[in-house]
Amino acid sequence: MSVLVYTESEQGKFKKNAYEVASYASAVAQMMGTTVTAIAFNSTENESLGEYGVSKVINVKDDALATFNAGSYASSIAEAVKSTEAKVIILSSSTDTKYLAPLLSAKLSAGYAPNVVQAPDSTSPFTVKRTVFSNKGFAHTQIDTDIKIVGVSNNAFGAHENKTAISVDEIDATTDATTNDTKSLEIDKVVGKATIADADIVVSAGRGMKGPENWGMIEELADVLGAATACSKPVSDLGWRPHGEHVGQTGKPVASNLYIAIGISGAIQHLAGVSASKTKVVINNDPEAPFFKAADYGIVGDAFEVVPQLIEKLKAFKAQNG
Ligand SMILES: Cc1cc2nc3c(=O)[nH]c(=O)nc-3n(C[C@H](O)[C@H](O)[C@H](O)COP(=O)(O)OP(=O)(O)OC[C@H]3O[C@@H](n4cnc5c(N)ncnc54)[C@H](O)[C@@H]3O)c2cc1C
């Protein structure tokens with residue numbers, strides 16, 4: 001019996017959250033007195049998981065699974081659960097795993113707790129702390145099923161080095177996994193930019209920017225900071241920015257270290273998706289904007305004056321400090 005962790009990758013490379021979930025799995029395994037096995041798909045970086053407490057990787061190599069497919073991945077992970085006799089499955093709380101985990105839960109009759117923010121309170125009974133009501137509260141949830149699935153929030157537990165001897169098994173996907181009846185026909189991917197899920201810093205802007213023609217300074221600020229760009233819902237609904245940038249309750253969740261909100265009022269549905277960010281900086285010309293109540297730092301001012309000055313100062317700082 002071991003703890004099984006699903007480590008997400010893209011084009012062979014592990015995503016940032018892979019090392020976080022591996023660290024989380026390692027903490028759970030220590031509490032349970034067992035080891036961690038990871039399952040990956042077409043990864044080329046398997047050994048790196050040994051730095052985070054994983055002692056074995058099952059790498060499913062199959063071109064048919066080159067891109068994420070919830071049904072196919074669930075079949076392979078369920079197989080790995082059987083072969084390792086794992087009782088606890090750890091995965092991230094990414095957009096992909098929110099499709100994957102319920103399928104896995106149904107296949108294995110396993111209880112599933114998403115949005116978990118810290119190591120289990122206890123492993124017997126198995127109790128975890130998770131955010132609920134769009135990050136407005138916490139719940140301590142007990143999972144009583146024989147097999148348990150834990151979805152760890154991005155950026156909540158962190159990656160912790162714990163060097164461990166590691167072995168890698170390369171296996172083919174099961175027929176069940178490759179004959180799934182849904183497949184991605186085309187993937188449109190933004191290249192060369194930090195993604196909202198992986199970025200340490202997210203620069204986000206709202207309707208206060210007045211129109212899409214004013215996004216140059218938002219992109220420039222993001223470039224200077226090495227940040228991902230995001231936006232409020234109306235901005236993507238209006239077609240000012242792509243839908244992939246919409247963050248909030250009905251968009252992507254953000255759990256960055258720094259979230260800069262420019263010309264965004266701070267409606268409850270927006271805050272629901274970004275409140276897990278560690279430090280929030282708000283730039284708004286209305287001192288009564290609700291976002292200021294949730295902000296760590298606020299600048300009351302016109303974005304069209306503040307943002308260019310911020311860019312200038314950051315460039316000067318970078319030039320001085322390398
Ligand atoms: C079911 C449901 C789900 C929703 N889901 C989401 C969601 O996931 N994400 C989301 O974002 N919204 C969501 N919304 C919409 C949400 O309620 C708000 O309407 C939306 O977040 C407002 O977007 P905004 O702050 O960009 O625009 P506004 O509310 O129009 O705010 C613009 C802000 O810009 C400021 N401003 C104006 N000019 C300047 C300037 N020159 N300089 C600086 N500041 C300036 C204003 O003071 C104001 O605070 C949802 C709504 C519903 C009903």
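The values are calculated or read from the model by the stated rules, or taken from the named source; none is laboratory data. Computed from a prediction, not measured in an experiment: that's the story for all the values here. Cβ sites come from the backbone with ideal geometry, for glycine too, and all protein chains shown count toward neighbours.
Within the stretch 200-222, the set of residues being more than 9 Å from the ligand (Cβ to nearest atom), within 20 Å of the chain's Cα centre (by Cα) and crowded, with 16+ Cβ neighbours inside 10 Å comprises Ile201, Val202, Val203, Ala222. When the test is whether a residue is closer than 19 Å to Ile196 by Cβ and touching a helix residue (DSSP H, G or I) at 6+ places or on another chain (Cβ under 8 Å), Ser265 does not pass it. Scanning the stretch 291-322 for residues that are surrounded by fewer than 17 Cβ atoms within 10 Å (Cβ to Cβ) and in a loop (DSSP other than H, G, I, E, B) yields a total of 4. Screening Gly244 against (1) under 15 Å from the mean Cα position of the chain (by Cα); (2) closer than 16 Å to Lys193 by Cβ; (3) part of a loop (DSSP other than H, G, I, E, B) leaves a single unmet condition, (3). You will find that of Ser9, Ser23, Ser72, the residue that is in contact (Cβ under 8 Å) with a residue 40 or more places away in the chain, under 28 Å from Ser275 (Cα atoms) and assigned by TED's automatic domain parsing to the domain that holds Asp146 is Ser23 and no other.
When you scan the stretch 268-285, do you find a residue that is in the same structural domain as Asp223 (by TED's automatic domain parsing), surrounded by fewer than 17 Cβ atoms within 10 Å (Cβ to Cβ) and hydrophobic (A, V, I, L, M, F, W, C), even just one? Give the derivation first.
Of the stretch 268-285, the ones in the same structural domain as Asp223 (by TED's automatic domain parsing) are 268-285.
Keeping just the survivors that are surrounded by fewer than 17 Cβ atoms within 10 Å (Cβ to Cβ) gives 268-269, 278-279, 285.
Still in the list and also hydrophobic (A, V, I, L, M, F, W, C): 268.
Looking for residues that are in the same structural domain as Asp223 (by TED's automatic domain parsing), surrounded by fewer than 17 Cβ atoms within 10 Å (Cβ to Cβ) and hydrophobic (A, V, I, L, M, F, W, C), one finds at least one in the stretch 268-285, hence yes.
Being part of a strand (DSSP E or B) and either under 21 Å from the mean Cα position of the chain (by Cα) or more than 9 Å from Gly206 (Cβ to Cβ) (or both) is the filter; apply it to the stretch 258-272 and report the residue that is nearest to the ligand (Cβ to nearest atom). Only one residue fits best here, namely Ala261. Taken over the stretch 225-241, the criterion of being touching a helix residue (DSSP H, G or I) at 6+ places or on another chain (Cβ under 9 Å) and either over 16 Å from Ala261 (Cα atoms) or assigned to a loop (DSSP other than H, G, I, E, B) (or both) is satisfied by Ala227, Ser232, Asp237, Leu238, Gly239, Trp240, Arg241. Quick one: in the stretch 78-104, which of the residues that are at pLDDT 95 or above, part of a loop (DSSP other than H, G, I, E, B) and out of contact with any strand residue (DSSP E or B) (no Cβ under 6 Å at 6 or more places or on another chain) is surrounded by the most Cβ atoms within 10 Å (Cβ to Cβ)? By that ranking, first place goes to Lys87. Within the stretch 269-303, the set of residues being at pLDDT below 95 and of a type in the set (Val, Ile, Thr) comprises just one member, Val274.
Filter the stretch 231-243 for residues that are more than 9 Å from the ligand (Cβ to nearest atom) and on the phi < 0 side of the Ramachandran plot and give the result.
Selection gives Leu238, Trp240, Arg241, Pro242, His243.
Residues that are free of Cβ contacts under 8 Å to residues at least 60 places away in the same chain and assigned to a strand (DSSP E or B) were ranked within the stretch 277-290; the one that is nearest to the ligand (Cβ to nearest atom) is Ile283.
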